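For reference, the structure is listed below as structure tokens.
Just so you know, all these numbers are worked out from the coordinates, no wet-lab data involved. Just so it is clear, the model here is predicted, and its values are computed rather than measured. As a convention, Cβ positions derive from the backbone with ideal geometry for all residues, glycine included, and neighbour counts pool all protein chains shown.
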């Protein structure tokens, strides 16, 4: 049987609300999730509460309202 690689998802606004819910749903389904938000501390706090599952979540700073490179 062929072994499949996990899918990767990038979610913006992942620190709260719908973005957070989508991130956790994808994570629970076994996807690797890159969780982006302009509040990096909030992303890290949210991720810490669910870190016992097997998939990987990666926090990243991203402000989609700004075109300025960081």
> Taking the highest mean first, how do the peptides 10-18, 56-64 order by number of other beta carbon atoms within 10 angstrom per residue?
Replying inline: 10-18, 56-64
> Quick one: if the Förster radius is 25 Å, what FRET efficiency do residue 56 and residue 25 give, using the C-beta to C-beta distance and rounding to 0.05?
Replying inline: 0.95
> Given a cut-off of under 8 Å on Cα pairs at least six residues apart, what relative contact order in percent is computed for the stretch 8-61?
Replying inline: 38 percent
> Arranged by the count of other C-beta atoms within 10 angstrom, fewest first, what order do 68, 44 take?
Replying inline: 68, 44
